[in-house]
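Have a look at the structure below, then the notes.
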Amino acid sequence: MMLLRAFIILLSLVAIAACATTSTPSRGPEPGPVLAAGTEPSLPPAYTLGSGDQLRIIVFGEENLSGEFFIDGAGMVSLPLVGEVPAAGKTVAAFRAELESRLSDGYLNDPRVSAEVLNYRPFYILGEVEESGEYPYTDGLTVMNAVARAGGFTYRANTRVVFLKRAETNAEVELPLTATLRVMPGDTIRIAERFF
């Protein structure tokens with residue numbers, strides 16, 4: 001209940017901020033649509049699984065059904081007995097409940113399943129950083145941490161704003177670059193060039 005209330009408050013604040021801001025002039029060529037400056041893309045209330053995540057699944061008392069599994073490009077996990085189980089877009093708890101339901105449907109009596117993310121899908125950083133590319137995600141990652149992993153800013157980098165595209169969206173958002181701006185798995189970060 002507290003999580004739902006916090007999510008509603010966050011959405012309200014984002015909506016208020018979106019109404020109070022105006023679009024800024026273009027800062028050069030941009031790949032894809034860009035939302036208004038300062039309109040931070042909301043973080044999902046709970047981490048949702050996606051293609052490229054690696055899971056550790058333990059079915060208690062069934063070692064042959066336990067192991068480490070990847071979510072494939074179609075968002076599915078291929079498991080013994082039950083076959084393909086959809087995972088992309090679900091929380092770990094929802095995926096675990098789905099797996100327990102499938103295992104109890106003619107395979108096991110009262111299955112107990114544990115699931116956790118071993119390795120998150122990577123994030124991407126490009127633009128005015130020393131080493132653009134794909135990097136492994138770690139929990140609690142900020143944009144400043146991501147820039148540090150990419151070798152830091154180039155001398156031409158605009159260190160006041162960042163363009164961020166969440167994995168679940170099609171639009172980039174221009175945001176002020178702060179020390180607390182969070183990155184999620186699958187995000188694309190673009191550091192623009194300054195023009196002064």
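The values are calculated or read from the model by the stated rules, or taken from the named source; none is laboratory data. What you see is a predicted model, and the numbers here were worked out from it, not measured in a lab. Don't worry about glycine lacking a Cβ; one is built from the backbone with ideal geometry, like all the others, and counts go over all protein chains shown.
Counting only residues that are farther than 13 Å from VAL117 by Cα and part of a strand (DSSP E or B), segment 61-76 holds 1 of them. The set of residues in segment 53-77 that are loosely packed, with under 13 Cβ neighbours inside 10 Å and within 26 Å of THR138 (Cα to Cα) comprises GLU68, GLY73, ALA74. Checked against (1) modelled with pLDDT of 95 or more; (2) farther than 30 Å from LEU181 by Cα, GLY61 passes all but condition (1).
Looking at segment 99-196, the strands (runs of 3 or more DSSP E) lying wholly inside it that each contain 1 or more residues that are touching a residue at least 24 places away in the same chain (Cβ under 8 Å) and aromatic (Phe, Trp, Tyr) sit at 123-127, 161-165.
When we screen THR154, THR180, THR159 for residues that are among the hydroxyl-bearing types (Ser, Thr, Tyr), under 30 Å from THR91 (Cα atoms) and surrounded by fewer than 18 Cβ atoms within 10 Å (Cβ to Cβ), the only hit is THR180.
Residue by residue, here is whether (1) surrounded by 19 or more Cβ atoms within 10 Å (Cβ to Cβ); (2) in contact with a Ser or Thr (Cβ under 6 Å, 6 or more places away or on another chain); (3) farther than 30 Å from VAL59 by Cα; (4) among the acidic types (Asp, Glu) holds:
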site	(1), (2), (3), (4)
GLU84	no, yes, no, yes
VAL92	no, no, no, no
ARG96	no, no, no, no
GLU116	no, no, no, yes
GLU131	no, no, yes, yes
ASN145	no, no, yes, no
ARG149	no, no, yes, no
GLY186	yes, no, no, no
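Only one of the listed residues (ALA157, ALA115) is more than 13 Å from the chain's Cα centre (by Cα) and in the same structural domain as ASP72 (by TED's automatic domain parsing). That residue is ALA115.
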